[in-house]
Amino acid sequence: MAKHHISFNLNGKPVEALVEPRELLVHTIRENIQLTGTHIGCETSHCGVCTVDLNGKSVKSCTVLAVQADGGDVLTVEGLATAEGLHAVQQAFVEEHGLQCGFCTPAMLVRAYRFLQDNPDPSEDEIRWGMSGNLCRCTGYQNIIKAVQSAAKKLQQA
Amino acid sequence: MDNANDANNAPEQDDPIKGVGCARKRKEDARFIQGKGNYVDDIKMPGMLFADMVRSPYAHARIKSINKEKALALPGVHAVLTADDLKPLNLHWMPTLAGDVQAVLADEKVHFQYQEVAVVVADNRYIAADAIELVEVEYEELPVLVDAHKAMDDDAPILREDLVGKMDGAHSKRVHDNHIFNWQAGDKDATDRVFEQAEVTVKQDMYYPRVHPSPLETCGCVASFDKVNEHLTVYITSQAPHVVRTVVSMLSGIPESKVRIVSPDIGGGFGNKVGVYPGYVVSIVASIVLGVPVKWVENRMEHLSTTAFARDYHMTGEIAADSDGRIKALRVNVLADHGAFDACADPSKFPAGLMHICTGSYDVPVAHLNVDGVYTNKAPGGVAYRCSFRVTEAVYVIERTMDVLAQKLGIDKAEIRRRNFIKAEQFPYQTALGWEIDSGDYHTALEKVLEACDYEGLRREQQEKREKGELMGIGLVTFTEIVGAGPTRNCDILGVGMFDSAEIRVHPTGSVIARMGTITQGQGHQTTYAQIIASELGIPSDEISIEEGDTDTAPYGLGTYGSRSTPVGGAATAVAARKIRAKAQKIAAHLLEVSEQDLEWDVDRFKVKGVPGQEKTMKEIAWAAYNDRPEGMEPGLEAVDYYDPPNFTYPFGTYLCVVDIDKYTGVTKVRRFYALDDCGTRINPMIIEGQIHGGLNEGFAVAMGQELPFDEQGNILGNTLMDYFIPTFVETPKWETDYTVTPSPHHPIGAKGVAESPHVGSIPTFTSAIVDAFSHLGTTHLDMPHNAFRLWQHIRELGLDKRTG
C-alpha cells in the first residue's frame, strides 16, 4: 500500500512519519513515534482512553486517520508537563486520588486540560457532561470530578 | 457523609513514617500521570511479530476444512496455526482451573461464537487483520443450546463430544452429557423438615444475568522464547503471574526455572485477568516455532465475547420463618450456566465458589444449597467481576429473599434484618453452611446508616409520594462478605494452596525493598504494603520500595483477586516485618549491652526500659546488621513469610439507596447512595474510599444496565461498547461513604479486605430500591438490568403510566 509522508507538531516539536492511508493516528503516535501514554481501549470511540488534543480540540485518536493530523498540532499526555513542573491537572489527580489502574488517566488528563481551557470555571454538572466521553472503570468518577474542580481553582489563581 | 478528612484518618503530613491509617498519596501515580506506565501493549521487542485470531461466526458447528493458503501468501504473514498444528505438541487442548479442559484452537468443532479457530502471525497488526480475512473456514452448523434450563433435556444437543460417556466429573457424578457438576452444602433433610412445618415460607426465582468485567485494558501478552538459552519470557495481563508460570511449565514441558512471567502495569482486572486464555498459549507456541517475540492483544469485541464473563446464575431463594419474621431455615437452588468449557477460576474444592456464604448476616439455624452446573454454547468463565468467588450471587439471593419475606409479613425491611442479625456477642459464629464468621457488629452498622439517612423520614416521604402516584424506592442491604482465600486446608488452585507471600530486605542504610506474590491492578499496593512495613519497622514508607509481578524476583504467591491481597499478602507482609523486628531486637540488645527483655519498641526504635536516652533506631540497627552483630548471628536483615491464613475474613456493611423512577419513561434517578463498610483495620482511608467508589460504580453498572444476552442461534448481543453499558460521568450517582471498624481477630493487623464489598453489596441494594418503588403494588422482585425500557414495561403492566385529568 502506498505510503504518505506526513508531518505535524507533537507536544510542540515537529515530527514526521510515513504512514499507510488507513493508519490510525493512535498507532502512529504509539508505534511509529513510540509515545505510549496514549492508550487503546475499544476502537469505536466509546472509551476515550485514546483521547488526544488535535488543533485545539479533544479527539479520539483511534478513529482519526494519521493523515488527518498532517500539518496539525497534537498534544498528548507527554506534553502536559513543562520545565516548570507538572501541569495543574496532573497534580490535582494525585492530590484527589483521581486514578487507580492508570489506564484511562493520560487521556482523562488531556481531556481535562482541554475542557478547562474551554470552560475555566465549570459547575459539577458541566464537568460530568464535559468529561463524559472518557470512561473509567476504577474510580467511580467522584475523585476525578474533585480533581478537575481543584485544578480549575489552581489554574484560575495562576 | 464524606469521611476522607475525619480525625480518624490521618492526613499524610501528620504521620512522619506514613504508616497504617494514614491517607498517604499513591506512589504509583507519578508514572501514570506522565504517560510512563508500562502496560503490555507498550512493550516492544526487537523483531516482534503480531498475532491475531480467526474466530467462529457460529455458536455450534463442525469445522469441515480450513484453508490457509491465501493468508500465507500475503506478504508479511509468517504463520497460520490451527488445532492440527498444535496437536503434535499436545497443546490443542489445555486444562482449565476448574478441572475441565478447553480447546486452545477449535478442534474439529466450535462450541461458542467467536471461539478461536486459527491464529495468524504477521509483521504488524494491520497485516494480521488483513490475513485473518483470508483464512477460509468451512463450517457445518449444529443445533445450538443457549437456554441453561434446557441443557439437561433428553433431546438437548450434546455439546462436549470429548466428554461423552465420561460421567465422573471433576466435582461429582454427571447425570447428563451437558451436566458439569452437582454441588451441595448444608443439611437437606433437616432443612426440608423445617420448611414442611414452618408458619411462613417464601420463595423467589431470580436470574443474575451474564455480565462482563470489561476493564479498559483488554487482555494481551508478549511471548519471547530465547532459543539459545531455552528460556521463555511472557509479559502478560495477569492477576496471577506465578500460577500462570506453573501452568505454562506444565503445558510446555519447559522447566519452571526457565519460564519467567511478568505482569507489567495492568489496566484494570476485576477478575477478568485470572485465567489462562488461548491467545496466551498460541503466542507462546508461535514464539517458540518462529524464534521471535510475538505480541497478541485483543480488541474490545473479542474481549467481551470470549474472556471471563461473570454470573449467569439462575437462582431460587426460599426462607422458612415464624410469623414474627425470624428465620427458621434457608433453601437455595442454583442452575449455573458455565458456557462451553468449565473455566471458572474457583478454589478447586468449590465449584460454586463461596456461594455457601448465602446465609448472609443472619442467624439461620439450618440451610441447604444445591448447585448444578451445565454446559451451553457460550464463552467459558463465570467467576469474575469483583465477586469474591460468587459472593455477589450469594448476597443477592439472601438479600432479595429477605426483602420478599419482609414484604409478605408486612414487616419493615430494616426491622426484619434487626430481628435476624447474628448478634455481636455470637462471634465467632458457625454458619449452617460451614463457615466460621470471625467477627462482626451488624446492628451498629445498620443503625448508623438509618440515622445518617433519616430512614423514618424517607419512609414518610415515600408514603406522601405514593399518595400522589409517584414512584420512589428505598433499597437496604446488610451484607456479609467472605474474602481472603484462603486457608490451604480447603483452598487451592490446581493443587497449589492459596497462601501468599512477602519478602522484605532492609539495606544497610535502612531503606527497604520488599516483594510480594500478589499483583496490583489499581489497588495501590506500592503505597499500602509500604505503610504496613513502615508501621511494623518504623522506617518511613517513602523509603520502602514495593515490587510485584515478576516471577523471577518475587516470591511465589497466588495473586490478586477475591479481595485477598490485604487479608493474605498483607498478613504475610506484617509477619515478615515482625521477623525482621525480632532479629533487630537481638541486635539492639547486643549494641546496648542489655538483654532482649529489657527493651521496648517505640515507633522506630528499641529503648532500654526505664533508662532514658539508651536506645537504638531501626536505621542504626540496620547498619549494625551488616557489621556489628551478636556472635553467631548471620549477617543481613531480611525475612520471608509464606502466610497460610487460619480463616477467611468477613467484611460487612450496610448500604442504603434512594431512587425516583419516572413513571412515563422508566428512567431511574439515583437520588442517594450511602455505603457503610467495615473492613476492619483501615490501612489507607483515601485508597479505601477510592476502592469503594469504584466498586459501587461497577455495581451500579451491573444492576442498571449490563447484560450479555444471546439470540436463539447463539449470537452474542451487546459485545461492543455501543451496546454494553459502562456508566459515564453523567449516569454515575454521587457516592457517600461511611465506616465502622471491627478488626479481624486472626489477621496480624486486623485488616479484612475491601475492594469487592461495594460491588457485592451495592447490586442487591439497587434492586431492593427499584422493587421497593413498586412494592405497594404487589411487586416482589424484578430481574436486572433495571434499565429504563424494562422498567417502563413493568410500569405499563401495572398501568401506572395512564395520564389522568
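Just a few scattered comments:
- Flag for residue A:17 being in contact (Cβ under 8 Å) with a residue 60 or more places away in the chain, closer than 26 Å to residue B:46 by Cα and not assigned by TED's automatic domain parsing to the domain that holds residue A:111: no
- Scan of the stretch A:90-107 for residues that are part of a helix (DSSP H, G or I) and in contact (Cβ under 8 Å) with a residue 40 or more places away in the chain, ordered by number: A:91, A:92, A:93, A:95, A:106, A:107
- The single condition from (1) facing chain B (nearest Cβ under 7 Å); (2) out of contact with any Ser or Thr (no Cβ under 6 Å at 6 or more places or on another chain); (3) open to solvent by 10 Å² or more (accessible area, probe 1.4 Å); (4) among the small types (Gly, Ala, Ser) that residue A:133 fails is (1).
- The set of residues in the stretch B:410-448 that are surrounded by 22 or more Cβ atoms within 10 Å (Cβ to Cβ) and without any contact (Cβ under 8 Å) to a residue 60 or more places away in the chain is empty.
- In the stretch B:647-664, the residues that are surrounded by fewer than 24 Cβ atoms within 10 Å (Cβ to Cβ) reach residues that are assigned to a loop (DSSP other than H, G, I, E, B) with C-beta atoms within less than 6 angstrom, at least six apart or across chains, in these pairs: B:647/B:438; B:647/B:746; B:663/B:800; B:663/B:801; B:664/B:801.
- Candidate set from the stretch A:139-148 (those that are open to solvent by less than 10 Å² (accessible area, probe 1.4 Å) and not aliphatic (A, V, I, L, M)); member that is nearest to the other protein chains (Cβ to nearest Cβ): A:140
- Some residue of the stretch A:108-127 being within 7 Å of another protein chain (Cβ to nearest Cβ), touching a residue at least 24 places away in the same chain (Cβ under 8 Å), touching a Phe, Trp or Tyr at 6+ places or on another chain (Cβ under 8 Å) and not in a loop (DSSP other than H, G, I, E, B): yes
- Test for residue B:778: is it within 30 Å of residue B:681 (Cα to Cα) and either open to solvent by less than 20 Å² (accessible area, probe 1.4 Å) or free of Cβ contacts under 8 Å to residues at least 12 places away in the same chain (or both): no
Here's the yes/no breakdown for (1) in contact with an Asp or Glu (Cβ under 8 Å, 6 or more places away or on another chain); (2) surrounded by fewer than 24 Cβ atoms within 10 Å (Cβ to Cβ); (3) more than 10 Å from chain A (Cβ to nearest Cβ):
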position	(1), (2), (3)
B:674	yes, yes, yes
B:703	no, no, yes
B:721	no, yes, no
B:740	yes, yes, yes
B:748	no, yes, yes
B:752	yes, no, yes
B:758	yes, no, no
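- Every residue from the stretch B:101-127 that is out of contact with any Pro (no Cβ under 8 Å at 6 or more places or on another chain) and acidic (Asp, Glu): B:107, B:108, B:123
- Scanning the stretch B:487-517 for residues that are open to solvent by 10 Å² or more (accessible area, probe 1.4 Å), without any contact (Cβ under 8 Å) to a residue 60 or more places away in the chain and within 25 Å of the chain's Cα centre (by Cα) turns up B:489, B:515.
- Scanning the stretch B:80-117 for residues that are open to solvent by 10 Å² or more (accessible area, probe 1.4 Å) and of a type in the set (A, V, I, L, M, F, W, C) yields B:81, B:89, B:91, B:93, B:97, B:98, B:101.
- Taking the stretch A:61-80 as the range and being within 14 Å of chain B (Cβ to nearest Cβ) and open to solvent by less than 50 Å² (accessible area, probe 1.4 Å) as the test, the residues that pass are A:61, A:62, A:66, A:74, A:75, A:76, A:77, A:78, A:79, A:80.
- When the criteria are applied in full, residue B:696 fails the requirement of being open to solvent by less than 10 Å² (accessible area, probe 1.4 Å) and not in a helix (DSSP H, G or I).
- Test: residue B:520 is open to solvent by 10 Å² or more (accessible area, probe 1.4 Å), within 30 Å of residue B:765 (Cβ to Cβ), touching a residue at least 40 places away in the same chain (Cβ under 8 Å) and not assigned by TED's automatic domain parsing to the domain that holds residue B:676: yes
- Residue match in the stretch B:310-320 (condition: crowded, with 24+ Cβ neighbours inside 10 Å, under 25 Å from residue B:114 (Cα atoms) and away from chain A (no Cβ under 14 Å)): yes
- Filter result for residue A:42 (in contact with a strand residue (DSSP E or B) (Cβ under 7 Å, 6 or more places away or on another chain) and either open to solvent by 10 Å² or more (accessible area, probe 1.4 Å) or within 11 Å of chain B (Cβ to nearest Cβ) (or both)): no
- Count - residues of the stretch A:41-89 that are within 30 Å of residue B:301 (Cα to Cα), aliphatic (A, V, I, L, M) and not in a strand (DSSP E or B): 6
- Cβ-Cβ distances below 8 Å connect the following pairs, each with a first residue in the stretch B:456-474 that is farther than 20 Å from residue B:667 by Cα, a second residue that is open to solvent by 20 Å² or more (accessible area, probe 1.4 Å), and a separation of six or more residues or different chains: B:459/B:412.
- The lone exception for residue A:49 - which of (1) surrounded by fewer than 24 Cβ atoms within 10 Å (Cβ to Cβ); (2) within 11 Å of another protein chain (Cβ to nearest Cβ); (3) touching a residue at least 60 places away in the same chain (Cβ under 8 Å) it fails: (1)
The values are calculated or read from the model by the stated rules, or taken from the named source; none is laboratory data. From a predicted model like this one, the values you see are computed outputs, not experimental measurements. Note that each Cβ is placed from the backbone with ideal geometry, even for glycine, and that neighbours are counted across all protein chains shown. With ligands, DNA and RNA removed, areas are computed over all heavy atoms of the protein, side chains included. Shrake-Rupley method; radii C 1.70, N 1.55, O 1.52, S 1.80 Å.
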